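See structure below.
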Amino acid sequence: MWFWLSTILSGLVFFLIAFNLRISPIRDERRRHFEFERQRTLSDAVLLYGSTAAAISEKEGSPAWVDARQQAARSRGYLFAADGTPLSQGVPQPVQEAVLGNIRPAAHPPGRVSVVVVKVHGPSGTPYLAAAALPSAPPPPELKPFPPPPHFWLQLLITFVVSGLVCYGLSWRITAPVRRLRAAAQALAEGDLASRVPMGRGGSGDELTDLGRDFNLMAGRIEKLVQAHQQLVRDVSHELRSPLARLNVALGIARKKSPPSAATALDRIEYEGERLNLLIGELITLSKLEEGVAGEKGDIDLAGLVEEVARDAEFEACAVNRHVNFSLVTGLHLQGNRELLRRALENVVRNAVHYTAQGSSVEIVLERGEELQAVIRVRDFGPGVPQAQLSDIFRPFYRVGEARDRQSGGTGIGLAIAEKTVVLHRGSIAARNIAGAGLEVEIRLPLPARS
């Protein structure tokens, strides 16, 4: 639109400049023509007057009578002899000087008053001079606007439409590389590491094409780094399983051969081994989720899933003087991997149970949201999370302050697994602090049209 308006305004400005450059010579030519026609008309009138006055003068033989006729007619014409002698009475001085200047230009330069002087002949062939002062010239008629040609407005409308379509096509073609770059950047931001800007064969070599190539190089480098990171996590996780299994076997042998006094140390080794095994399992799960592996999908009854997780969490919470309450809306179903969703919700609920205050209850709500969404809210009554770090708690191994340090016993991967699982099911997860106390985690999952 701006491209089109700029083109129209530029054309309008150029038209006005060209029109003004053209109209000024036309106006000057019109004035010259008007003045020429005025002079010619007055000369013809003075010639006619002089011929008539000369004929009357020769016939009557009385210049005074000619003057009387002239005064009676209120004429501004005067008759002179060939040598400049006035034959009419009351000749104004400027007219007399103009006549003498016509006879002897060097001796009598023309005055300021415009006078028309013409030579006439009487019936006898005697030469005379007729003169008249020019009346004040009326202003020439103003130039009227040119009338528009036939179908002018239709032609103008067609011009606007055609210019708009042409400008739209040009702007669409010019901005096409920007749109492709934007689409590739959005796909990369959403996790599609294989996203690239489509490049034509050879390319045009302009700045936008060079920018697209640079973007593709950057995206390729990022993809390699992320893939190397994921491969490292997978390899390390799998390689740790073997020594961990041998450690458990050695631990069993040590229990049989060690005295009772070593039981406490061996129990500690077993506990840390179980934590290491749990961490390795979560790393493998996280790695699969980052690759987009969702496993087998089926129909999931969300109410049954939430109730199952809530009851298991209530059993664990009662042992530490905490409780889990839930409120469900039945009839909500979706297609997905039930085990992954159960584990994701379990991580969120266990996290809430761990940080809620002693004697308080974790509240779980399942309800139908707007635009065919199922909404799961999990709220605790714990210390909450600093506002600036709410989005960071879903990053792997991220810990917040003293309330969530390594003494908590968690691995720091649970919420990351929950976030990856929800995104894999085309949903969203977010956390926010509740006024007063507590943290609320909200999970939104899309429902099929039939739910």
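The values are calculated or read from the model by the stated rules, or taken from the named source; none is laboratory data. Since the model is a prediction, treat every value here as computed from it, not as a measurement. Neighbour counts run over all protein chains shown; Cβ positions are idealised from the backbone, glycine included.
A few points about this structure:
- Single residue of region 67-87 satisfying the filter (outside any loop (DSSP other than H, G, I, E, B) and among the charged types (D, E, K, R)) that is modelled with the highest pLDDT: 67
- Subset of region 350-366 that is farther than 17 Å from residue 434 by Cβ and in contact (Cβ under 8 Å) with a residue 60 or more places away in the chain - its residue that is surrounded by the fewest Cβ atoms within 10 Å (Cβ to Cβ): 350
- For region 217-248, a tally of residues being at pLDDT 85 or above and either out of contact with any helix residue (DSSP H, G or I) (no Cβ under 6 Å at 6 or more places or on another chain) or not in a helix (DSSP H, G or I) (or both) returns 8.
- Residue 316 vs. criteria modelled with pLDDT of 85 or more, in a helix (DSSP H, G or I) and more than 38 Å from the chain's Cα centre (by Cα): yes
- Residue 373 vs. criteria under 15 Å from residue 445 (Cα atoms) and of a type in the set (S, T, N, Q): yes
- Taken over region 301-314, the criterion of being without any contact (Cβ under 8 Å) to a residue 12 or more places away in the chain and within 17 Å of residue 380 (Cβ to Cβ) is satisfied by 314 alone.
- Meets criteria (surrounded by fewer than 19 Cβ atoms within 10 Å (Cβ to Cβ), assigned by TED's automatic domain parsing to the domain that holds residue 422 and in a strand (DSSP E or B)) for residue 321: no
- Condition met for residue 288 (out of contact with any Pro (no Cβ under 8 Å at 6 or more places or on another chain) and at pLDDT 80 or above): no
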